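Only one structure is covered here, and it is reproduced in the block below.
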Amino acid sequence: MPTSERDLLVDDPWAAIEACFDAGWSDGLPVVPPTEALVSAVLDAGPWSADEVLLIEPSRGLEVTAFNAAVNAVLAGCRPEYFPVVGAVLKATVILALVCTPSSPPPEGRRS
């Protein structure tokens, strides 16, 4: 049973892939349908709870939770054992964004 209006119910894996394309969840590259089992496996591989915010997208202020990241990681074909790196990169992006904002002075010894 779908848990939201965006959930899809399909029995055939090929139909699931086509449904992802039809829903606009792909940029044309192959996708892995983010089933509950696959998303759970990816989340279980990382140290974050599903609702933990890994990144706040700076231009729109959108929160990217570990669940959001896990769904997108599954869509992209990421293996569960790689998810800790994906999450760490998202968390590091926050730090990089803070360091590289236009209001910040350039690092010592660098010209802007």
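Scanning segment 10-48 for residues that are polar (S, T, N, Q) and open to solvent by less than 40 Å² (accessible area, probe 1.4 Å) yields a total of 1.
Scanning segment 62-89 for residues that are in contact with a strand residue (DSSP E or B) (Cβ under 7 Å, 6 or more places away or on another chain) and open to solvent by less than 40 Å² (accessible area, probe 1.4 Å) turns up VAL64, THR65, ALA66, ALA69, GLY87.
The values are calculated or read from the model by the stated rules, or taken from the named source; none is laboratory data. For clarity, every value in this text was computed on a predicted model and none was experimentally measured. A quick note on method: Cβ atoms are made from the backbone with ideal geometry, for glycine too, and the neighbour counts reach across all protein chains shown. Remember, those area values only see protein heavy atoms, side chains included, never the ligands or the DNA or RNA. Shrake-Rupley method; radii C 1.70, N 1.55, O 1.52, S 1.80 Å.
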